[in-house]
Amino acid sequence: MSEFLPIGEWADQAVNFLLENDSGTFGALGTFVGSLTELVEQALMFIPSWVLAVVLTALAFRRVGWRFALFCAAAVVVIIGTGFWNATMATLALVISATLISLMVGVPLGIWTAKSRLAAYFVRPSLDFMQTMPAFVYLIPAAMLFGLGKVPGVLATVIFAMPPVVRLTSLGIRQVNSEQLEAGVTFGCTPWQLLFKVQIPGALPSIMAGINQTIMMALSMVIIASMVGAGGLGNDVLTSISRLDIGLGFESGLAVVLLAIIVDRMTESFGVARPTKA
Amino acid sequence: MKQKIVAKGLHKIFGRSPDIAMEMLRKGRHKDEIFKETGMVVGVQDANFAVNEGEIFVIMGLSGSGKSTLIRLLNRLIEPTAGQILVDGQDVATMSKAQLVALRRRDMAMVFQSFALLPHLTVLDNAAFGLEVAGVGRKERERRALEVLDEVGLKAFAAKRPAELSGGMQQRVGLARALAVDPSLMLMDEAFSALDPLKRTEMQELLLTLQKEHKRTIIFVSHDLDEAFRIGNRIAIMEGGRVVQIGSPDEILRNPADDYVRAFFKGVDVKRYLTAKDVALPDEVLVMEAPADLNAGFESAIGRLRQMRRNYGFVVDKERRVLGTVSIDSMLRCLAEGRTTLEQALLDDIPAVPGDTRMTELISNIVRNPYPLPIIDGERRYLGAVTQTILLRNMAQETANV
Ligand SMILES: Nc1ncnc2c1ncn2[C@@H]1O[C@H](COP(=O)(O)OP(=O)(O)O)[C@@H](O)[C@H]1O
Ligand SMILES: [Mg+2]
C-alpha cells in the first residue's frame, strides 16, 4: 500500500527548516539549559557524599519518620558501596534541571489554561500529544537541534515530564472554592493579588501533586535520555544491555530504583505536610 | 436619617443577551415566560430600597428568590444588568475597576455562608486579610486583627488554622475578618445558616452586642423568619427576584403584602414575635391623672372602680407618664391614715412594662402578677394595659385563626 500522507516527511522537513533558519534561538536555549544542568551537577558533586547523606537522612527523619530515615541511610550506603554515587548525582542533576525548567514553563502555562478558554483549547491536545508520543521519539529532533549531550536529554525530558504539572496546576486553580474567590474579591483584591493570595495557595496541594508526578516522569526519562549522551546512571544501564552484563544492569538499576523511591517520598512529604482542608 | 445605600431599578439577568430579556420585562412579560422562550434567568427584577445608616436591613425570601444575587450586586461581585447602587451617593454600578477596589477595601466587607476562610492562613492572618490586601503593614494589621479577634472571643486561637476550629468559631473568624477593616457597610449572606440552632442564636446575640457598641449598616440575607425578626430593624421580602414588601417586623407581621408573605408565618408561632404594645388595650383599665386633689378624688376614684367592677387603676402625670398602680384597698388604707394624694396610694411592687417586651416574657410576668400591668413607651408614657384576660383572649384568637 502506498502512503498518501507523508507526515513523517513533513516532520523531517520541519526540523530541518528549524535547523537551517533559526539556530540563534536554539543556541541560546541550549546554552541556558546546558549551564543550568552543569551548575546543578557541580553543586551536587562539590558537596562531599557523606555530607549529602547526613543531610538527606536528617531531612527524611524530619519530614517522614525514622523508618524512612533508616531506609535512606541504607540506600546511600548501597549506592556508594556499588560505586554508583557519581553516576547517581549526574542523573539527579538531570532530573533537577529538567524539573526546574518544567515548572518554570508548566506552572504559568497551567495558570493560563485555567484562566483562558482559548489557551485550554490549544494546550490540552498538545499535552496529550506530548504525553502519549513514545518518549524515544523526542530524542531524535532534540539531538538534531542541540547535538549530543546533556542539553537534548534535558529538553526531551522536559517535553515528556511537563504535562502533569500543567494539568494539575490548571485543575487546582479551577477548583478553588468559589466563595473563597468571592471573599478575595470582596476584600479588595486586584486580579494579581487574587492569583497570589487566594488561587495559587488554594491550588497548591494539586500543584504539589503535579510536581511530584513531573519529577517521577523526569526520572524515568533521563535514563532513556542517555541514548543521546546525557550521561548518568542511564549510561550504565545502556552499557549493561549492550554487553548483556547482568551484574552491572542489576546494580545500576538498583541505584535508579533507590533514587526514585527517595525522591518520590521526599517530594510527597512536602506536598501533604500542609493542612489543606477548610 | 442618612441613607447609606440606595438601590434604584436594580436588575440582574443571567444569560447571553440580557438586553432582549430586559426589553421583554419592560413589555410586562413574566420571568417564567422569559425563561421558557430564551433560557435566560431573571435573577433580580427592579429592586428598589434604601438602607439607613446604622440599621440592620434583612433580606428574606425562599431559596432561589434572588437574595444572594441581590446582595452580590451591591458590591458588584455580580455585575448588574441595569439600575443604580448608590453608596453614600456614589453609583457603584458605573465605577471603574480601580474605584471599585478602593470602595471594597474602604467601605464594604462581607461574611459568607460557608465562611470562606483561607485554609492556608492562620486565624490571625485570615482576620488580617482585608488589611493585608489594602497594603497595611504587618505590625499594624496584626494589632488590629488581634483586637477584633478579642471582640469575637477568639484571641486565644490566633495561631490556629481554620480547619482546627468548629463551624461556629470559623464564622467568628469570618466576622472578625469583616470587622477588621472597620467597614461602614457589612454584607452578610446567610452568615449563620450553616450553624446549628444554638450556635446561630449565639452568633445573633454577638452581632447585636457588637451593633450596640458600634453602629454599622448591615445588610443581612436570611431565609429564617426567626432570625429576621430577631436582628432586623427592617425587612425586605423577596419573591421570584422581586422585592415584594419592605417594612419593620411589626408592619410586616400585621400587614403582610400578599399570600406569599403570609405563607412565611404559616406554621410559625407568630405570638413569639408580638410585643407588649401589640396586645395592650388602652381602655381596659381606669387611668387617673395625678395630682388629683383631695379625699373627694379618692372617693370618686374608688366609686368609678367599683362601678367598672375593677380593683386596680393606673396613675399618670400631666404628660401621661405612668406613675404607678393603685387599688381600692390601697386607697381605702390611705383614707384611713389621712393621706390624701394618689401618689401616696401607689402600690410599690407593680412594675411598668416597656412596650417592646416580647410576648414570652410578658406571659411569665402576668402569670406571676394577677393584676393588670401598664405598658409604657420609651418615655414612660402610657400605651395601654395587659391583663390575664386580654392575654387569654389573644391566645384564643390565634388558635382560632390557624
Ligand atoms: N450564575 C448564574 N447563572 C444562572 N442563573 C443563576 C446564577 N446565579 C443564580 N442564578 C439563578 O438566580 C436565581 C436566584 O438565585 P440566588 O440569588 O442564589 O437565590 P437565593 O440566594 O435567594 O437562594 C435562581 O433561580 C438561580 O438559579
Ligand atoms: Mg443564597
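For residues that are of a type in the set (Gly, Ala, Ser) and at the interface with another protein chain (Cβ under 10 Å from one of its Cβ atoms), scanning just segment A:168-209, find the one that is farthest from residue B:105 (Cα to Cα). That would be A:202. Within segment B:354-372, the presence of a residue that is more than 30 Å from residue B:250 (Cβ to Cβ), touching a strand residue (DSSP E or B) at 6+ places or on another chain (Cβ under 9 Å) and not assigned by TED's automatic domain parsing to the domain that holds residue B:229 is excluded.
Condition check ((1) out of contact with any helix residue (DSSP H, G or I) (no Cβ under 9 Å at 6 or more places or on another chain); (2) within 14 Å of chain A (Cβ to nearest Cβ)) across all residues:
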{"position": "B:45", "(1), (2)": "no, no"}
{"position": "B:54", "(1), (2)": "no, no"}
{"position": "B:63", "(1), (2)": "yes, no"}
{"position": "B:82", "(1), (2)": "no, no"}
{"position": "B:91", "(1), (2)": "yes, no"}
{"position": "B:100", "(1), (2)": "no, yes"}
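In segment B:181-192, the qualifying residues are those that are touching a residue at least 60 places away in the same chain (Cβ under 8 Å) and either out of contact with any strand residue (DSSP E or B) (no Cβ under 6 Å at 6 or more places or on another chain) or in a loop (DSSP other than H, G, I, E, B) (or both), and the one that is farthest from the other protein chains (Cβ to nearest Cβ) is B:184.
For residues that are in contact with a Lys or Arg (Cβ under 9 Å, 6 or more places away or on another chain) and open to solvent by less than 20 Å² (accessible area, probe 1.4 Å), tally how many sit in segment B:29-48.
Within segment B:29-48, residues that are in contact with a Lys or Arg (Cβ under 9 Å, 6 or more places away or on another chain) and open to solvent by less than 20 Å² (accessible area, probe 1.4 Å) number 5.
Scanning segment B:114-135 for residues that are open to solvent by 10 Å² or more (accessible area, probe 1.4 Å), within 25 Å of the chain's Cα centre (by Cα) and within 16 Å of ligand 2 (Cβ to nearest atom) turns up at least one hit.
Every test in (1) farther than 28 Å from residue B:30 by Cα; (2) open to solvent by 20 Å² or more (accessible area, probe 1.4 Å) is passed by residue B:81 save one, and that test is (1).
Any residue in segment B:152-159 that is open to solvent by 20 Å² or more (accessible area, probe 1.4 Å) and among the aromatic types (Phe, Trp, Tyr)? Yes; the residues of segment B:152-159 include at least one that is open to solvent by 20 Å² or more (accessible area, probe 1.4 Å) and among the aromatic types (Phe, Trp, Tyr).
Yes or no: residue B:184 within 23 Å of residue B:10 (Cβ to Cβ), out of contact with any Gly (no Cβ under 7 Å at 6 or more places or on another chain) and surrounded by fewer than 21 Cβ atoms within 10 Å (Cβ to Cβ)? Yes; evaluated as a whole, the condition is true for this residue. Here segment B:115-167 is the region considered, the condition is being within 25 Å of residue A:175 (Cβ to Cβ) and among the charged types (D, E, K, R), and the residue that is nearest to the other protein chains (Cβ to nearest Cβ) is B:161.
List the helices (runs of 4 or more DSSP H) inside segment A:62-177, counting only whole elements, that have at least 3 residues being open to solvent by 40 Å² or more (accessible area, probe 1.4 Å). Break it down into steps so the answer makes sense when it comes.
Numbers: elements: A:66-81, A:85-115, A:117-132, A:135-146, A:150-161, A:163-174.
Result: A:66-81, A:85-115, A:117-132, A:135-146, A:163-174.
Exactly one residue out of B:221, B:173 is in a strand (DSSP E or B), within 14 Å of chain A (Cβ to nearest Cβ) and open to solvent by less than 30 Å² (accessible area, probe 1.4 Å), and it is B:221.
Condition first: within 16 Å of ligand 2 (Cβ to nearest atom), farther than 23 Å from residue B:164 by Cα, in contact (Cβ under 8 Å) with a residue 60 or more places away in the chain and in a loop (DSSP other than H, G, I, E, B). Can you find one or more residues in segment B:105-112 that meet it?
First pass over segment B:105-112, keeping only residues within 16 Å of ligand 2 (Cβ to nearest atom): B:110-112.
Restricting the remaining residues to those that are farther than 23 Å from residue B:164 by Cα gives none.
Checking segment B:105-112: not a single residue is within 16 Å of ligand 2 (Cβ to nearest atom), farther than 23 Å from residue B:164 by Cα, in contact (Cβ under 8 Å) with a residue 60 or more places away in the chain and in a loop (DSSP other than H, G, I, E, B).
Scanning segment B:6-28 for residues that are open to solvent by less than 10 Å² (accessible area, probe 1.4 Å), at pLDDT 95 or above, within 16 Å of ligand 2 (Cβ to nearest atom) and under 30 Å from residue B:225 (Cα atoms) turns up nothing.
Conditions (1) within 16 Å of ligand 2 (Cβ to nearest atom); (2) under 13 Å from the mean Cα position of the chain (by Cα), marked per residue:
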| position | (1), (2) |
| --- | --- |
| B:162 | no, no |
| B:205 | no, yes |
| B:220 | yes, yes |
| B:246 | no, yes |
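With respect to residue A:31, determine if the residue is closer than 26 Å to residue A:234 by Cβ and in contact with an Asp or Glu (Cβ under 8 Å, 6 or more places away or on another chain). No; evaluated as a whole, the condition is false for this residue.
When you look at residue B:210, is it closer than 28 Å to residue B:85 by Cα and surrounded by fewer than 22 Cβ atoms within 10 Å (Cβ to Cβ), yes or no?
On the way: closer than 28 Å to residue B:85 by Cα: yes; surrounded by fewer than 22 Cβ atoms within 10 Å (Cβ to Cβ): yes.
Here the answer is yes, as residue B:210 does meet what is asked.
Of all the residues in segment B:233-243, those that are surrounded by fewer than 23 Cβ atoms within 10 Å (Cβ to Cβ) and either under 17 Å from residue B:193 (Cβ atoms) or away from ligand 1 (no atom under 13 Å from the Cβ) (or both) number 2.
From the list B:64, B:83, the lone residue that is closer than 23 Å to residue B:224 by Cα and either within 16 Å of ligand 2 (Cβ to nearest atom) or touching a residue at least 60 places away in the same chain (Cβ under 8 Å) (or both) is B:64. The sole residue among B:34, B:59, B:13 that is under 29 Å from residue B:192 (Cβ atoms) and touching a Leu at 6+ places or on another chain (Cβ under 9 Å) is B:59.
Evaluated against (1) open to solvent by 70 Å² or more (accessible area, probe 1.4 Å); (2) among the polar types (S, T, N, Q); (3) at pLDDT below 95; (4) under 29 Å from residue B:256 (Cβ atoms), residue B:90 falls short on exactly one condition, (4). Among the residues of segment A:220-239, those that are open to solvent by less than 10 Å² (accessible area, probe 1.4 Å) and within 21 Å of residue A:268 (Cβ to Cβ) comprise A:221, A:222. Residues in segment B:293-323 that are modelled with pLDDT of 85 or more and of a type in the set (Gly, Ala, Ser): B:313 alone. Of the helices (runs of 4 or more DSSP H) lying entirely inside segment A:199-278, those containing at least 1 residues that are touching a Phe, Trp or Tyr at 6+ places or on another chain (Cβ under 6 Å) and in contact (Cβ under 8 Å) with a residue 40 or more places away in the chain are A:200-224, A:246-272. Here residue B:76 clears all of (1) within 10 Å of chain A (Cβ to nearest Cβ); (2) over 25 Å from residue A:194 (Cβ atoms); (3) buried (at least 16 other Cβ atoms within 10 Å of the Cβ) except the condition numbered (2).
Picking from residues in segment B:187-203 that are within 19 Å of residue B:71 (Cα to Cα) and of a type in the set (A, V, I, L, M), the one that is most open to solvent (accessible area, probe 1.4 Å) is B:194.
The values are calculated or read from the model by the stated rules, or taken from the named source; none is laboratory data. As the structure is a prediction and not an experimental result, all values here were calculated from the model. Don't worry about glycine lacking a Cβ; one is built from the backbone with ideal geometry, like all the others, and counts go over all protein chains shown. Accessible surface is based on the protein model in full, side chains and every heavy atom, while ligands, DNA and RNA are left aside. Shrake-Rupley method; radii C 1.70, N 1.55, O 1.52, S 1.80 Å.
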